[in-house]
Amino acid sequence: MKRVNAVVIGAGAGGGIVAKELSMAGLSVVLLERGKWYTPYDCRKDDLRNQRTAVLGNAFGPEDHGNPRVWVDPAGAEHIALPSDGIYQNNAACVGGGTFSYGAMAWRYLPQDFRMKSTYGRPEGSSLEDWPIGYDDLEPFYEKAEYEIGISGDYSGTPFHGPRRRPLPMPPLPPNREFEILEPAAKRLGLHPFHIPMARNAVPYNGRGSCMRCRWCVGFACEVDAKNGSQNTVIPTALSTGNCELRTKCMVKEILTDNGGSARGVAYFDADGHLQEQPSDIVVVSACAIESARLLLNSKSRLFPNGMGNRYDQVGRNLQGHHYTGAVGYFDFDTYDDIGPGASIAVTDYNHGTPGLCGGGLLANEFIRLPIQMIDRMPSDTPRWGLGHKRAMRDFYKRNIVVMGPTQQIPAADARVTLDSTVRDKWGLPVARISGNVHPHTFEIGKKQADRAAAWLKETGAVSISRFAGKGVLVSAGQHQAGTCRMGDDPRSSVVNKQCQIHDVDNVFVIDSSVHVTNGGFNPALTIMAIAYYASEALLRNWKGTQFRS
Amino acid sequence: MLTRRRFVTASAIAGAGLAAGCAARKNSAWEFLSEKDARTLTAICDQIIPADDFPSASQAGVLTYVDRQLVRHFQRFQKAYIKGLNHANLLSRKRFSLDLAEATPQQKLQIVSAIEQQNPEFFELVRSHTLQGYYGSPRHGGNREGVSWRMLGLSEPPIRGSAQYDLASGSRP
């Protein structure tokens, strides 16, 4: 196969941007994606088969057959997990990755989110650490992501954000009913509510039309292609350069190493299951936190017997996502107007600055209200079945508001991805084995956040309120998975340097959420994108033709 | 590796055929369930979602949903269903000398409560499948004609997007 300058593995939030930046700069790029390329036509609005409620499987991959993982519970028992099981910690497998079916909140992390250890100290037993880069390093790239991907919203209502040079390129969508109900109550509490930044066209942008406000965002494709991910922005741009070839349904087996310890390309199974080799000057791993770690661990060679980048047993550690906590308020009037995207209002007052807590998180109202998602969110005194449950569904379906948010997660080194020694996927490759838990301080933060959500709903006039918290027995990864190839200056405690380059191997990069040292109290997509622009720029700055040297 | 892939694919198809073969009960209108299974399951589902002004679980097609998925996405639950339904009849015969389907509504409620206590894993399986069938998309055989969505006050067929606005006045209706 013809040698190319770069192989990018994974066409999601990170890989799509890297492919675009490199191919625009004139490098030849092969973009490998294990899933398919879906289109808005594939938005089936099926509430039992999507990326959020997968009781009948994932709509946008991976399929249940042939893609298992192993989950080790806190008692040490092993469970085979299928992609539609919660314990699998699935994101997606398709062109666009998670951005094809995400809710599309597009947050910048706050400056403190990059300095967690120096702000709070390290809780005992945790692996809390500072990033080797700061908000200021990423600011220009946050801006680039906001303009190239297309973000709507309005930060003017809150002082709780980092410095920014330009406003968002699109205004927010008009408020829905929940916004109108929640906003005055937040202001009475002294909070600073504002319009959530969203990767969604509020006005025509980038050659596509605006949101039709149907509320079927998170878990689904956008029927009118008004939700912005890598599949309808940077990837088409990359392909239009003529320098980038996208190969779908291709599963990478391993990164190949030469005798000098540099990567010489990748081996992958093509759409027909044939093993292929693609030689390249550089390799960029953008397969998302769990699969990126698995690929590095599966890339064993004489020089790297424990996997690439894993000399100090760091690959796969610090797996983290977000524990969601919050509250449901029940009202004696209709709060539901079925106007999308649903989630509309947020506060970031609670992300930092609470004495005794290492951070906090944003609070916002929830996207969708599919009946199937409400069956276990009825008032706490509701029977779980029978006429009482049916009546509660009728009474409260349109009379509740969910306020919740991602809690800043305190990482732990033993929350990790390793390779399972016996279970194989349909290509015969060892699967990811997920074990450990987040640091318990995470749950203290989550509990406080649930109390705050409840207080906001109480001020709003809810007649009763139920709090909910994430399941403490589960390591949290899922769609917000991060942390498994930590960025840092010290090779003994991190996997990549501040340019996302593997410490050991100068022509292999990890550019996705794996490099996040901590994951903020925010949905991580825009940060993944900003890092992809930032790392691509560094890569191109150091690109010296076919001989890559940093 | 090609051979392995082909083998896996082939065995998956064979597996599906085998499961369907096991399930082919004679004289049953269902894909997996026997007529007796269906009557027992109806008794349980209709306690989880009974009829009132709106249909019960079975009236809304929940059995179609479950039966269809038992030879598709829920294949791994086939054994649990056969065992659980037999256990339900066992409980009923022991207490009332009747199959569950023949019991009175009061007796059915007692048995389903007993299943919840004694066989919680099976009960949770049936509860979640019943609620999915009733409140989920009609395309999967349950929620016939979107009846649960209409019960909740949602339009059926769904009106979504800009059609919710009164376009003449430019405001919400």
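For region A:191-218, name all the residues that are touching a residue at least 40 places away in the same chain (Cβ under 8 Å) and within 11 Å of chain B (Cβ to nearest Cβ).
Once the filter is applied, which keeps residues that are touching a residue at least 40 places away in the same chain (Cβ under 8 Å) and within 11 Å of chain B (Cβ to nearest Cβ), region A:191-218 yields A:CYS211, A:MET212, A:ARG213, A:CYS214, A:ARG215, A:TRP216.
Looking at (1) in contact (Cβ under 8 Å) with a residue 24 or more places away in the chain; (2) away from chain B (no Cβ under 14 Å), which is the one condition that is false for A:TYR41?
(1)
A quick yes/no check of all residues on (1) in contact with a strand residue (DSSP E or B) (Cβ under 6 Å, 6 or more places away or on another chain); (2) modelled with pLDDT of 95 or more; (3) of a type in the set (Phe, Trp, Tyr):
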position	(1), (2), (3)
A:ASP425	yes, yes, no
A:ASP451	no, yes, no
A:VAL473	no, no, no
A:ALA482	yes, yes, no
A:ARG486	no, yes, no
A:ASP489	no, yes, no
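Has region A:394-411 got at least one residue that is free of Cβ contacts under 8 Å to residues at least 40 places away in the same chain and more than 24 Å from A:ILE87 (Cα to Cα)?
Initial filter on region A:394-411 (free of Cβ contacts under 8 Å to residues at least 40 places away in the same chain): A:394-395.
Subsequent filtering for residues that are more than 24 Å from A:ILE87 (Cα to Cα) retains A:394-395.
The answer is yes; a qualifying residue exists.
Just to be sure I understand, how many residues within region A:246-275 are crowded, with 16+ Cβ neighbours inside 10 Å and either under 23 Å from A:PRO62 (Cα atoms) or within 14 Å of chain B (Cβ to nearest Cβ) (or both)?
The total comes to 14.
Out of A:VAL438, A:VAL496, A:VAL463, which single residue is closer than 16 Å to A:ALA293 by Cβ and either touching a strand residue (DSSP E or B) at 6+ places or on another chain (Cβ under 7 Å) or among the hydroxyl-bearing types (Ser, Thr, Tyr) (or both)? Quick ask: steps written out before the conclusion?
Details: A:VAL438 fails: closer than 16 Å to A:ALA293 by Cβ; A:VAL463 fails: closer than 16 Å to A:ALA293 by Cβ.
Every option except A:VAL496 fails the conditions.
Where residues in region A:393-417 are under 30 Å from A:TRP131 (Cα atoms) and either charged (D, E, K, R) or surrounded by fewer than 16 Cβ atoms within 10 Å (Cβ to Cβ) (or both), which of them is farthest from the other protein chains (Cβ to nearest Cβ)?
The selected residue is A:ASP414.
Have a look at A:GLY66, A:GLY98, A:GLY16, A:GLY76 and point out the one that is more than 14 Å from chain B (Cβ to nearest Cβ) and either on the phi > 0 side of the Ramachandran plot or in contact with a Cys (Cβ under 6 Å, 6 or more places away or on another chain) (or both).
Of A:GLY66, A:GLY98, A:GLY16, A:GLY76, the one residue that is more than 14 Å from chain B (Cβ to nearest Cβ) and either on the phi > 0 side of the Ramachandran plot or in contact with a Cys (Cβ under 6 Å, 6 or more places away or on another chain) (or both) is A:GLY76.
What do you reckon, is A:SER126 buried (at least 18 other Cβ atoms within 10 Å of the Cβ), closer than 23 Å to A:ILE290 by Cβ and modelled with pLDDT of 95 or more?
Criteria met by A:SER126.
Give the residues of region A:224-244 that are more than 14 Å from every other protein chain (Cβ to nearest Cβ), part of a loop (DSSP other than H, G, I, E, B) and in contact with a Lys or Arg (Cβ under 7 Å, 6 or more places away or on another chain), sorted by residue number.
Selection gives A:ASN228 alone.
Looking at this structure, is A:ASN351 crowded, with 22+ Cβ neighbours inside 10 Å, touching a Gly at 6+ places or on another chain (Cβ under 8 Å), touching a residue at least 24 places away in the same chain (Cβ under 8 Å) and within 14 Å of another protein chain (Cβ to nearest Cβ)?
no
Among residues belonging to region B:57-80 that are surrounded by fewer than 19 Cβ atoms within 10 Å (Cβ to Cβ) and among the polar types (S, T, N, Q), point out the one that is farthest from the other protein chains (Cβ to nearest Cβ).
B:GLN78
In region A:115-135, which residues are in a helix (DSSP H, G or I) and in contact (Cβ under 8 Å) with a residue 24 or more places away in the chain?
Listed by number, the residues that qualify are A:MET116, A:THR119, A:TYR120, A:TYR135.
So, in region A:372-392, how many residues would count as being facing chain B (nearest Cβ under 9 Å), closer than 19 Å to B:VAL126 by Cβ and out of contact with any Gly (no Cβ under 8 Å at 6 or more places or on another chain)?
Total satisfying the criteria: 8.
Would you say B:HIS129 is under 16 Å from B:LYS83 (Cβ atoms), touching a helix residue (DSSP H, G or I) at 6+ places or on another chain (Cβ under 7 Å) and either buried (at least 22 other Cβ atoms within 10 Å of the Cβ) or of a type outside the set (Val, Ile, Thr) (or both)?
Considered against the rule, which asks whether it is under 16 Å from B:LYS83 (Cβ atoms), touching a helix residue (DSSP H, G or I) at 6+ places or on another chain (Cβ under 7 Å) and either buried (at least 22 other Cβ atoms within 10 Å of the Cβ) or of a type outside the set (Val, Ile, Thr) (or both), B:HIS129 comes out as yes.
The values are calculated or read from the model by the stated rules, or taken from the named source; none is laboratory data. Note that this is a predicted model, so its numbers are computed, not measured. A quick note on method: Cβ atoms are made from the backbone with ideal geometry, for glycine too, and the neighbour counts reach across all protein chains shown.
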